[in-house]
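Reading through the structure tokens given below for one structure.
The values are calculated or read from the model by the stated rules, or taken from the named source; none is laboratory data. Note that the coordinates shown come from a computational prediction; the quantities given were computed from them, not determined experimentally. Protein only, heavy atoms only, side chains kept; ligands, DNA and RNA dropped before computing areas. Shrake-Rupley method; radii C 1.70, N 1.55, O 1.52, S 1.80 Å.
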Amino acid sequence: IYTAWNPGEVPLVRDNTARERENDRKEEQNMLLSAAMEYINIESVIYFPNAKDKGTIRLANDSQNKFCIRGSIYSDQDGSVLYESDGIDPGFYIDSIYLNKKPKPGIYPCTVLIEFYQLEDDRYIGETARKVVVIIER
């Protein structure tokens, strides 16, 4: 069956070059983020003598990194946030922290979410995650 074209129907037009520019921008951002991840260091085991004491995290943002970072520790058991840092500029680190939540003594598998932000305007760039273990002795 032949259907006549109706001038009242506007065809959907897509800008292919805009999509290509967006893909190029995303690819460039992914490459920058991938390089930035190499400049982040964190302890794989974060030890606390007890839940009220400081624990050693050594979350470091190497001076060669182009981005500010923020780190958050999430419990793998219930998803609760155990810690959230402020921004850490390139060349700086956090040596030790207090937990927001005071878990009972034990060993807790956790995920550290590290977010990257541009230094100039604090624009979010992306994130990565690292697995760690939080140990609370007593």
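A few points about this structure:
- Extents of region 54-138, largest first, come to 42, 22, 18 Å (Cα atoms, principal axes, whole angstrom).
- Between the helical axis of 16-37 and the longest alpha-carbon principal axis of the chain there is an angle of about 10 degrees.
- Accessible surface of Arg58 - all protein chains present, 1.4 Å probe, nearest 10 Å²: 110
- Close Lys pairs in the chain (alpha-carbon distance under 25 Å; sequence gap of 8 or more, or different chains): 13.
- Long-range HN-HN contacts of Ile46 with modeled amide H, under 5 Å: Val133, Val134, Ile135
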